[in-house]
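*Asks:* Quick one: this structure, given as C-alpha cells, is what I'll be asking you about.
The values are calculated or read from the model by the stated rules, or taken from the named source; none is laboratory data. Remember, predicted model here, so these are calculated numbers, not experimental data. Heads up: the accessible areas ignore ligands, DNA and RNA and are worked out on the full protein's heavy atoms, side chains in. Shrake-Rupley method; radii C 1.70, N 1.55, O 1.52, S 1.80 Å.
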Amino acid sequence: VQLQASGGGLVQAGGSLSVSCAASGRTFSSYVAGWFRQAPGKDREFVAGISWWSGSNTYYADSVKGRFTISRDNGKNTVYLQMNSLKAEDTAVYYCAARRGAVGFGANEYAYWGQGTLVTVSS
C-alpha cells in the first residue's frame, strides 16, 4: 500500500488543522493506520492509531488525548487526523503509517509510510 499525506500548514496556537492520508490499493480497509510525528532533533513518536475495517478502536498519545481525533473513510481510502487546541509543542512533521494486525505504538512496527506533512504552530 502507498500512502500520501497532505494538509499540513501554519496555524496559531489554539487553532485547528486537519491532515489527511490517502492510500492506494483496494484492501486499505484491512490495514491498521497510525499517525506519528517527528520534531527537529527528536525521535519519531506515536500520535494516534485506528483499527482496521470499521475503525471502532482508536488510540492516542497522552499528549494529544482530548485534542486530536483520528478517523478513517474506507470508501475514500483515507485516514484523517483532526487537531484542535494546537500548541507550539505540536509543531512537527506528521507521518501516516499502515500495517497489518493490531495497532502498534512504535514506529518500527509499521511497514508502510507516507512522505510526511509539516505542521507548524506559532505561539
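*Asks:* Please tell me the relative contact order of segment 6-123 in percent, rounded to the nearest whole number, where contacts are Cα pairs under 8 Å and at least six residues apart.
*Replies:* Working: 277 pairs, mean separation 41.5, N = 118.
Result for segment 6-123 is 35 percent.
*Asks:* Debye calculation, C-alpha points only, no solvent: report log10 I(q)/I(0) for segment 10-76 at q = 0.14, 0.16, 0.20, 0.23 Å⁻¹, in the same order as the q values.
*Replies:* Result of the Debye calculation: -0.49, -0.64, -0.93, -1.12.
*Asks:* Continuing with this model, one more query. Multiplying the sequence separation of Q115 and A88 by 0.36 nm and subtracting their Cα-Cα distance, what value in nm do you get? Could the numbers behind the result be given before it?
*Replies:* Values: separation 27, 0.36 × 27 = 9.72 nm, distance 2.21 nm.
Once the chain is fully extended between Q115 and A88, it gains 7.5 nm.
*Asks:* Given contacts defined as C-alpha pairs under 8 Å and at least six residues apart, what's the relative contact order of segment 40-88, whole-number percent? Intermediate values should be presented prior to the final figure.
*Replies:* Working: 52 pairs, mean separation 12.8, N = 49.
It comes to 26 percent, rounded to a whole number.
*Asks:* I've got another one for you. How are the C-alpha pair distances of the chain spread across 5 Å bins, as whole percents from the shortest bin up?
*Replies:* Reading upward from the zero bin: 2, 13, 24, 27, 19, 10, 4, 1, 0.
*Asks:* Accessible area per residue, 1.4 Å probe, Å², for the chain: what's the number? Before the final figure, lay out each step's value.
*Replies:* Values: 6160 Å² over 123 residues.
So the chain comes to 50 Å² accessible per residue, rounded to a whole number.
*Asks:* Another one. What Kirkwood hydrodynamic radius, in Å, does segment 59-104 give when the mean of 1/r is taken over all pairs of distinct Cα atoms and then inverted?
*Replies:* Details: mean 1/r = 0.0812 Å⁻¹.
This gives a value of 12.3 Å.
*Asks:* Gain in length, R67 to S54, computed as 0.36 nm per residue apart minus the alpha-carbon separation, to one decimal in nm? Before the final figure, lay out the partial values.
*Replies:* Values: separation 13, 0.36 × 13 = 4.68 nm, distance 2.16 nm.
Full extension of this stretch gives 2.5 nm more.
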